[in-house]
Amino acid sequence: MVQRLIYTLLLLIPFCGYGQDEPAAYAVSDEFTIWNLSPNDTAYVYADVAYLRDQPNLQGRVLDSLTAGTMVQIVSPTYGRNKIKGFHAPWQQIAYKKDNTVKKAFIWIGLLALGKQKDAAGQLFIYGYDRFIPYDEDNPDRYLCSIKLFDQQRNMRGKHTFQVDYSEQSFTDSKLLPSMGLSELQQIFRVAFLGEACGIPSNYYYAGWNGSMFIDLPMRYSVSDAGIYYYEESILFPTEHKKEANVIYKIIEEGEAPEEVDDLAEITYDIRKKQEKFLWNGKSFTRLTGSK
């Protein structure tokens, strides 16, 4: 809130010498993006180096650059689209502070973080897309993504790369958790790519931070086709199930409706449940035999 207020006040300062003050001259794109950034929102640069331009396209002159972890404020709607790093994203005008001066420029928003979280110590966790990888014989369409962690001085303390299978998910969110009873961990960063429509899955990725590096934890997945079928996984950490130390439970539930059902009748599912157990040793996890 304080940072946003500071940026709002700074934007009231007259800005001279900037050659592009009429973004409305460009075609506005009304298409929804997974970044979902609106004017006055704050965001963080995700790319190691993000080039800023005087126009919302690749033909624009490069005015400046920002490094990962820099906070910016969105000041325009979205404009156009360009394909970079294998995926399409629009442009938006941003305001940022550099050399004690507030400046404005356009950025391709694929260079911005998809989401962010801060802990009590002021450390910043962000995540975003590195590149899109089209399907091949063995793998579906997928994004290469990374989590980046910065200290209060904006020094990067850790980076963790993971792969996200793409099935038209349209929303994303994140959550910062404590260690949840897992030894040697300080925090757990959860990233979700969510499907809001029938047949589009939601994927949840968990990465544990031990103070020096990120470590993969079991992920979970859910999908449904309304009135026909659903599949849902949930994760229970030791502080949640309160049964065994350093054991993670994955609870799996599947429901399938009868093939023939009265349209006016309440749908009842044939439900199957099972669970998997994973043992955490402070450095990695292994699936325990006998999970059912």
Practice problem: Could you list all residues from region 164-189 that are under 12 Å from the mean Cα position of the chain (by Cα) and either of a type in the set (Phe, Trp, Tyr) or surrounded by fewer than 16 Cβ atoms within 10 Å (Cβ to Cβ) (or both)? | Solution: SER170, PHE171, ASP173, LYS175, PHE189
Exercise. Scan LEU185, LEU144, LEU149, LEU176 and give me the residue that is without any contact (Cβ under 8 Å) to a residue 24 or more places away in the chain and under 29 Å from LEU279 (Cβ atoms).
Key: LEU144
Quiz item: Given the residues GLN163, GLN169, GLN152, which is the only one that is of a type outside the set (D, E, K, R) and not in a loop (DSSP other than H, G, I, E, B)?
Solution: GLN163
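Values in this text are rule-based calculations from the coordinates and carry no lab data. Note that this is a predicted model, so its numbers are computed, not measured. Methodologically, a virtual Cβ is constructed for each residue, glycine included, from the backbone with ideal geometry; neighbour enumeration extends over all protein chains shown.
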